[in-house]
Amino acid sequence: MTAPASSAVPAVILAHDGEAISLEEAAATAAAGPVRDALKAALSWAHVAWSKRFGKPAGLRSGEQFDAYTAELAARIRAVGIDPVAVLLDFAQRARVLGADQGLIEAGAPRIDLGSDVREETRRHIDEAVGTARAKIAEAADLVEGLERGSFKTINRQLAVADQAGNIVERTARTVTNDELNEGLAAAADHVGGRLVWIAERDACVMCLALSGHVIEPGDAFDWRLTFGAKAYPPKDYNAAGELVEIELERPPRHPYCRCRVSPWLGHDEAAARAVTHDWAEAIKEADAKGDTVAADAARRAAAAARDSAAFDLPAALRREAERSILNGYALPSESERIRVQAADRLLARIGAGKNSRSPSGWQVPASVKKRAERALKKGTFSTRSVPTGRK
Ligand SMILES: [Zn+2]
């Protein structure tokens, strides 16, 4: 397995990342789409009925006709049914299975059913989010009905509260698929007796990049205090009593919309890695004995991939790549440039000015990379914020 020059992440994991993103997108559309469509229909009724009854959207209205209008609109909003629980659970299960399958492949182990039960926390998370989304719809209906006078613009402002329902459902779809994907990946690591390595996308945030390439033993937690930024925040989740509490960072996602993942890590000590993965030599012998050349070829390829991945120091490559991302300012538009400039500044200070100075993870940072980062700091802005290659 050779990683493309543009990325430290092996091609098989990049492909798996792509599959996971597709599943996440499908979950977001399937869960939030119907909610948004129903609200859109209510809004379009509101618009048409307003112009028919009252004319211009900016005109201020009140009185009996206005009350009848707001009552009918409120009823239509309340009729918007939100029931994405089954869809969310279905995608959570699919993500769980996908994660386990991907993890076994990444570990060079044969496929085995590791179950599709989603976590209790996932069920709770889904129930709570759907409850909150329903409450937003009800709140919007109450706000509309409570109006005594207003223009169509006033009405529209109240309806913005209902829009949050779609956003909540979408965010939940993305979080639970990611959550369960990583749960499956961890189950695969557990099955093969491997550790877990954190893999961040190259344009991940300063907190997630600081974890990329970090390895933990099964059952341990990642160190949430790590960040390239000024301050790290502890991960939180709701407990069974509905209180927001600090939790251990066992695996991604670290925050909403986090696209980090873990992968089973057997170490780049070839012999040790081969000892815990599948006995491919035996599989090849068996297939040869049966005269099954297709199976024998497949087993030989799997053996070669397992050997390469065992010899490749993925954690070191990931840490180097994360530091490069900070120095190059690769980021998503959602992260402020100020945070990235400060992070690059802090990392440059740690690397130091010496000609052969090394980064915290131990590689010799080329002078050209340092110079480019220094130029960006002087200007206070990175000219290339997006990752230049076609990753994803
Ligand atoms: Zn992340």
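The values are calculated or read from the model by the stated rules, or taken from the named source; none is laboratory data. Bear in mind that the values here come from a model prediction, so they are computed numbers and not experimental data. Heads up, the Cβs are rebuilt from the backbone with ideal geometry, glycines too, and the neighbour counts pull from every protein chain shown.
Taking the stretch 223-262 as the search range and keeping residues that are more than 29 Å from residue 102 (Cβ to Cβ) and among the charged types (D, E, K, R), which one is farthest from the ligand (Cβ to nearest atom)?
Across the stretch 223-262, the extreme among qualifying residues is 243.
Is it the case that the stretch 337-347 has a residue that's farther than 30 Å from residue 107 by Cα, surrounded by fewer than 11 Cβ atoms within 10 Å (Cβ to Cβ) and at pLDDT 85 or above?
Yes.
Let's see how each residue does on (1) of a type outside the set (D, E, K, R); (2) farther than 30 Å from residue 213 by Cα; (3) in contact with a Pro (Cβ under 8 Å, 6 or more places away or on another chain):
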residue	(1), (2), (3)
11	yes, no, yes
48	yes, yes, no
77	yes, yes, no
93	yes, no, no
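Among the strands (runs of 3 or more DSSP E) lying completely within the stretch 152-260, list those that include at least 3 residues that are closer than 30 Å to residue 52 by Cβ.
So the answer is none; nothing clears 3.
What are the pairs with Cβ atoms under 6 angstrom where one residue, in the stretch 234-253, is touching a residue at least 24 places away in the same chain (Cβ under 8 Å) and the other, located anywhere, is surrounded by fewer than 17 Cβ atoms within 10 Å (Cβ to Cβ)? Sequence gap at least six, or different chains.
Qualifying pairs under 6 Å: 237/247; 238/244; 248/221; 249/221; 250/221.
Going residue by residue through the stretch 272-290, is there one that turns out to be out of contact with any strand residue (DSSP E or B) (no Cβ under 9 Å at 6 or more places or on another chain), in a loop (DSSP other than H, G, I, E, B), modelled with pLDDT of 75 or more and away from the ligand (no atom under 16 Å from the Cβ)?
The answer is no; no qualifying residue exists.
Could you pull out the residue among 178, 167, 182 that is under 19 Å from the mean Cα position of the chain (by Cα) and surrounded by fewer than 20 Cβ atoms within 10 Å (Cβ to Cβ)?
167
Within the stretch 88-98, can one find any residue that is surrounded by fewer than 19 Cβ atoms within 10 Å (Cβ to Cβ) and not in a helix (DSSP H, G or I)?
No: the stretch 88-98 contains no residue that is surrounded by fewer than 19 Cβ atoms within 10 Å (Cβ to Cβ) and not in a helix (DSSP H, G or I).
Considering every residue within the stretch 311-324, establish whether at least one is within 30 Å of residue 173 (Cβ to Cβ), out of contact with any strand residue (DSSP E or B) (no Cβ under 9 Å at 6 or more places or on another chain) and at pLDDT 80 or above.
Yes, the stretch 311-324 has at least one match.
Only one of these is among the small types (Gly, Ala, Ser), at pLDDT 80 or above and farther than 25 Å from residue 189 by Cα: 383, 334. Name it.
Of 383, 334, the one residue that is among the small types (Gly, Ala, Ser), at pLDDT 80 or above and farther than 25 Å from residue 189 by Cα is 334.
For every residue, the table says whether it meets (1) of a type in the set (Gly, Ala, Ser); (2) part of a helix (DSSP H, G or I).
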{"residue": "9", "(1), (2)": "no, no"}
{"residue": "21", "(1), (2)": "no, yes"}
{"residue": "34", "(1), (2)": "no, yes"}
{"residue": "71", "(1), (2)": "yes, yes"}
{"residue": "86", "(1), (2)": "yes, yes"}
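Would a scan of the stretch 153-161 turn up a residue that is in the same structural domain as residue 125 (by TED's automatic domain parsing), crowded, with 20+ Cβ neighbours inside 10 Å and either modelled with pLDDT of 95 or more or away from the ligand (no atom under 14 Å from the Cβ) (or both)?
Yes, because at least one residue in the stretch 153-161 is in the same structural domain as residue 125 (by TED's automatic domain parsing), crowded, with 20+ Cβ neighbours inside 10 Å and either modelled with pLDDT of 95 or more or away from the ligand (no atom under 14 Å from the Cβ) (or both).
Tell me, yes or no, whether the stretch 194-203 has at least one residue that is hydrophobic (A, V, I, L, M, F, W, C) and more than 15 Å from the ligand (Cβ to nearest atom).
No, that holds for no residue.
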